[in-house]
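The values are calculated or read from the model by the stated rules, or taken from the named source; none is laboratory data. These numbers come from a predicted model, not from an experiment. Neighbour counts are summed over all protein chains in view; Cβ atoms, including those assigned to glycine, are modelled from backbone coordinates with ideal geometry.
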Amino acid sequence: MVKFDEIIGASLEWTTAVLFRPFSPKKWLILTFIAFLAGSFSGGNSNFSSRHQDNHTKEASAAQQYEKKSFQTARIETPGKKPISKEEAKSFLKKSASAPAIFIIVLAVIAGIILLLILFWICCRFCFIFLEDVAKNDASIVAPFKNNKNIGNSYFKFSLLFMFLFICIIALFIFLGLRVISLSNIGALSNPASAGVWKIISILLPLILLFILIILIIALIAMVINDFVIIVMFKDRIKITPAIKKVVSILLLNKLDFSLYVLIKIGLAIASSIIYSITSFVAVMGLVFPAAISASIFYFIFKVMPKDIQSIFMVIMVIIAIPIILFLWYCLICMYLPFAVFFRAFSMKFFGRLDGRYNLFSERIIFTSAEGTQQK
């Protein structure tokens, strides 16, 4: 049976060696960039996404209310002009949906999808770059990017299929939920308030529980692939399908150790999130006071200088402030790097204990080409 206290201690020791022996700010900045693209940062942009969704929801709600009010009154008032009739408004909307406008919208959507696919492809490749750099105590990008071409592309294709199936499952459950509500006698679609929230939840409870179960299974599969499958792909230089078969056979022989690994990793993830939240909050609070002093000084200078050059001064200050703010934000992200390196090392050391062939720390791997390896 695997001794997890030894694995945790070894992972902490390796994290210390990678990041602090010696301490190199350049190495931290590069590894943070690699880990961020590899998806090893659990925090990242969740707050921004939430705020963006809230703003978008508020704007959409306001737009719907305005549209509803416009059609109820059957006319739109324009300041300084004659009121526009409902027919004229419909004609304007019809012209807006002309062929050039539709073409531009479709083109923008296609361009956005292509950019997302390119970014997703890069992230899949960077998973192997981060794995290699942690194993070798390095911070390289160019060479690992070339060396992991084939396995990175294989991982990208599988991830696309996995993501597509995940979206289909969500769409299916949404459809089933709406179907169940429509077939029930509570009138939820026409008037949800009259039906009662708890009554709707009680009707959908079996479907909700099934959805949660499937999500947990999907999360477990994603964890196995990210933690173990890419290790096998990296070491054996094989594509993802044979790597999955090897990982499954190894985990089936070590069911208890794998179960304990999942529970311990969940606990460590919760603890790391709490520690990171506290440290980042302290760091932000430490920056508030100097930032307030700097802003006060700049504001005083702005007020005392001639009005003719105030606009120029404001532009210069904005140009100076933007890179400083971005750098400080990136430094806050760097604070999560020890946790990212630890969890990457933790999965590698655990899997190396299950099967000694995949102990990436026991030997040095030298790449001779993009197809194969030579070991010393």
Count of residues meeting criterion [in contact with a helix residue (DSSP H, G or I) (Cβ under 6 Å, 6 or more places away or on another chain) and either in a helix (DSSP H, G or I) or β-branched (Val, Ile, Thr) (or both)] in segment 254-279: 4
Condition met for Phe367 (of a type in the set (Phe, Trp, Tyr), surrounded by 15 or more Cβ atoms within 10 Å (Cβ to Cβ), touching a strand residue (DSSP E or B) at 6+ places or on another chain (Cβ under 9 Å) and modelled with pLDDT under 90): yes
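For (1) of a type in the set (Val, Ile, Thr); (2) under 25 Å from the mean Cα position of the chain (by Cα); (3) at negative phi; (4) in a loop (DSSP other than H, G, I, E, B), each residue gets a yes or a no:
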{"site": "Ile297", "(1), (2), (3), (4)": "yes, no, yes, no"}
{"site": "Ile312", "(1), (2), (3), (4)": "yes, no, yes, no"}
{"site": "Val341", "(1), (2), (3), (4)": "yes, yes, yes, no"}
{"site": "Ser347", "(1), (2), (3), (4)": "no, yes, yes, no"}
Number of positions in segment 349-362 that are in a helix (DSSP H, G or I) and either in contact (Cβ under 8 Å) with a residue 24 or more places away in the chain or surrounded by 19 or more Cβ atoms within 10 Å (Cβ to Cβ) (or both): 8
Number of the exception - Ala340 against (1) of a type in the set (Gly, Ala, Ser); (2) free of Cβ contacts under 8 Å to residues at least 12 places away in the same chain; (3) surrounded by 14 or more Cβ atoms within 10 Å (Cβ to Cβ): (2)
Long-range neighbours under 6 Å by Cβ, at least six apart or interchain, first residue assigned to a helix (DSSP H, G or I) within segment 239-253, second surrounded by 13 or more Cβ atoms within 10 Å (Cβ to Cβ) and among the charged types (D, E, K, R): Ile250/Asp355
Condition broken by Leu161, with the remaining ones in (1) in contact (Cβ under 8 Å) with a residue 60 or more places away in the chain; (2) surrounded by fewer than 14 Cβ atoms within 10 Å (Cβ to Cβ) satisfied: (1)
Those residues of segment 94-142 which are at pLDDT 90 or above and of a type in the set (S, T, N, Q), in sequence order: Asn137, Ser140
Qualifying residue in segment 317-330 (condition: small (Gly, Ala, Ser), in contact with a helix residue (DSSP H, G or I) (Cβ under 9 Å, 6 or more places away or on another chain) and in a helix (DSSP H, G or I)): yes
Failed condition for Val109, given (1) assigned to a helix (DSSP H, G or I); (2) surrounded by 12 or more Cβ atoms within 10 Å (Cβ to Cβ): (2)
